[in-house]
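Step one of this worksheet: look at the structure below.
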Ligand code: SF4
C-alpha cells in the first residue's frame, strides 16, 4: 500500500487543513458529516445540518464501506491453513486467543501426526495437550478438539456437519467458529464472523453500538447483504491486522478514513464521534 506522508497530530474535532491522503490516491468522496480537504472551511454548517441527519447504517454508507473494502481486499480468505473442513475446524478452535500465525506453526505437524478425525477421536485430551500447548488455553482447546472429533465420528459419520444447528452441537464450537467453517469451507453464508477485529472495527465504523458479539452479529446481518457475510468478515479481519489495529490504527493510510468517525482515530479529516469507540 502506498504511503508517503507523516501524519500530523490528529484533529479531535475534525478540523484539519491540507488534508492530503497517502493511501487513497484519488480519494473517494466523504459521506455524512465529512468535511472537504484543502484549505476550505468545514463543508458543513453545524447550525443547519443536525446530527440526526447522519445515519451510520444508512444503505448508501454501508455500500460505500463494502465497496472500499472490496477494492482494498478483493480476494482475501481465512488466514488459517487447512485442507479440509476438519482441519479448518481444529485450526479455528486453536485460534481462540491466539494469533493465526502461531496456529499455522502448530497445525502442519499436528495433522501429520494425526491425519484423520478418527485419529483425534482416539486420543485423550492429555495426549493432545503437548501438541497444542503453544497456542494457549491448551487444556480447554484439547478437550474441545477431542470432544468434537468424538461427536463427529459418532453422530455425523466422520464428516464435519454443514448445517448450523448440527455444527453448534460440537463441543467447543460457538457461532464464530461455526461461521468460519460454514462460510469458508462450505461457502454457506449463515452468519458474520465476529472476532476481536470485527468487533472493534464494526464499532469504530458505527455499524453497531453493541458490545456483545451475538448482538453485533445480528446488527451486521441486518445491514450487510447475505452473499457478502463471509467475505466481509475476512475483509474486516484483514483490515484489523493491516491498518485498523487496536492501538494506534493507521488512519493516515486507510482508504476508509473520510467515512470513519471513530473516536480513537490517529488522524482525521472528518468529525470524530465520541460514541464510535472500539470497546
Ligand atoms: S480510519 Fe482509522 S479507525 Fe477508521 S477504519 Fe481506518 S484505520 Fe480504522
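Note on segment 242-254: among residues that are assigned to a loop (DSSP other than H, G, I, E, B) and within 6 Å of the ligand (Cβ to nearest atom), the one that is nearest to residue 206 (Cα to Cα) is 244. Within segment 113-141, residues that are on the phi > 0 side of the Ramachandran plot have Cβ atoms under 6 Å from residues that are surrounded by 14 or more Cβ atoms within 10 Å (Cβ to Cβ) and part of a loop (DSSP other than H, G, I, E, B) in these pairs: 136/98, counting only partners at least 6 apart in sequence or on another chain. Looking only at segment 260-277, residues that are more than 8 Å from the ligand (Cβ to nearest atom), surrounded by fewer than 19 Cβ atoms within 10 Å (Cβ to Cβ) and closer than 27 Å to residue 79 by Cβ come to 1 in all. The residue list 206, 257, 217 contains one member that is within 16 Å of the ligand (Cβ to nearest atom), at pLDDT 95 or above and touching a helix residue (DSSP H, G or I) at 6+ places or on another chain (Cβ under 7 Å), which is 257.
Please go through segment 188-200 and pick out each residue that is within 16 Å of the ligand (Cβ to nearest atom) and surrounded by fewer than 24 Cβ atoms within 10 Å (Cβ to Cβ).
Here is the first cut: in segment 188-200, the residues within 16 Å of the ligand (Cβ to nearest atom) are 195-200.
Selection gives 195, 196, 197, 199, 200.
The values are calculated or read from the model by the stated rules, or taken from the named source; none is laboratory data. On a predicted model such as this, the values are computed, not experimentally measured, just so you know. Glycine gets a Cβ as well: all are built from the backbone with ideal geometry, and neighbour counts include every protein chain shown.
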